[in-house]
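Enquirer: Can you keep this structure in mind? I'll have questions shortly.
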Amino acid sequence: MQQKISGKTKKEIDEALKKEVGEIAENAVTQSTRDFTKYIFLIGLIGPVIGIFQAIKIYADHSAAGVSTLYWGSYLAVASLWFGYGLYCKNRMVIIIYGLWIIVQIVILNGIYLYG
C-alpha cells in the first residue's frame with residue numbers, strides 16, 4: 001500500500017521532484033551554453049580585427065612586400081566555405097564572423113593587387 005503525503009503518493013512526489021530537478025539542470029546547462037556561445041563569439045571577432053592591422057600596414061606603407069597572395073587567397077576560400085556553412089545551418093554567429101573575415105581578406109587581397 002502506497003503511503004500518502006498531502007494527498008499524493010510517494011511515487012507521484014518522487015516523479016515530480018525528478019521532473020523539477022531535471023528542469024533546473026536543463027536550465028543551468030542552457031544558461032552556461034549561452035554564456036559559452038557569447039564568449040566564443042567575442043573570441044571569434046578577434047580574428048578579423050587582427051587581420052585589419054595587416055590591411056592597414058599594406059595601405060599605409062603602399063607596399064605588400066612579404067604578404068602572400070596564396071595565403072590570403074586560400075584563407076578567403078576557407079572563409080567562404082564557412083560562411084556558406086553558416087548560411088546553410090542558419091548560424092548567425094558563423095555568418096557574422098566569417099562575413100567579417102571575407103571583407104578583411106578581400107581588402108587585403110585588393111591591397112596586394114594594388115601594391116604588390
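Where a number appears in this text, it was derived from the coordinates with a stated rule and is not lab data. Note that the structure is a prediction, hence the values are computed from the model and not measured. Positions of Cβ are generated from backbone atoms using ideal geometry, with glycine treated the same way; all protein chains shown enter the neighbour counts.
Enquirer: For each of 88, 59, count neighbouring Cβ atoms within 10 Å of the residue's Cβ, then give the residues from fewest to most.
Expert: Arranged by neighbour count, lowest to highest, 88, 59 become 88, 59.
Enquirer: I would also like to ask the following. Please give the peptides 50-58, 35-43 ranked by average Cβ packing (other Cβ atoms within 10 Å per residue), highest first, as a rough proxy for protection.
Expert: Working: 50-58: 15.9, 35-43: 10.8.
The densest-packed peptide leads the list: 50-58, 35-43.
Enquirer: Next question, about the same structure. For the stretch 76-90, take each phi angle, set θ = phi - 60°, evaluate the Karplus expression 6.51 cos²θ - 1.76 cosθ + 1.60, and give the result in whole Hz per residue in order, putting x for glycine and proline.
Expert: Once rounded to whole Hz, the list reads 5, 4, 5, 4, 5, 5, 5, 4, x, 4, x, 5, 4, 8, 6.
Enquirer: How much length is gained if the chain between residue 20 and residue 91 is pulled fully straight, taking 0.36 nm per residue apart and subtracting their Cα-Cα distance, in nm to one decimal? The partial results should precede the final answer.
Expert: Values: separation 71, 0.36 × 71 = 25.56 nm, distance 3.09 nm.
Stretched fully, the residue 20-residue 91 segment lengthens by 22.5 nm.
Enquirer: Quick check: residue separation of residue 63 and residue 80 times 0.36 nm, minus the Cα distance between them. What number comes out in nm?
Expert: Gain on extension, residue 63 to residue 80, equals 3.5 nm.
Enquirer: Could you give me the radius of gyration and the Dmax of the stretch 4-115, taking only the C-alpha atoms into account and expressing both in angstrom?
Expert: Expressed in Å, the Cα Rg and Dmax of the stretch 4-115 come to 24.6, 84.
Enquirer: Fewest first, what order do 70, 81 take by the number of other Cβ atoms within 10 Å?
Expert: Working: 70 7, 81 11.
Neighbour counts put them in this order, fewest first: 70, 81.
Enquirer: Here's something else I'd like to know. HN-Hα J couplings of the stretch 95-107 from phi, Karplus 6.51/-1.76/1.60, θ = phi - 60°, integer Hz, Gly and Pro as x?
Expert: Whole-Hz 3J(HN,Hα) from phi for the stretch 95-107: 4, 5, 4, 6, x, 5, 4, 4, 4, 4, 5, 5, 4.
Enquirer: Along the Cα→Cβ direction, 7 angstrom out, place labels at residue 33 and residue 115. What is the inter-label distance in nm?
Expert: Computed distance between label sites residue 33 and residue 115 equals 4.5 nm.
Enquirer: If you don't mind, another one. Quick one: which residues, 5 or more positions from residue 9 or on another chain, have an amide H under 5 Å from its amide H? H modelled 1.01 Å from N in the peptide plane, none for Pro or chain starts.
Expert: none
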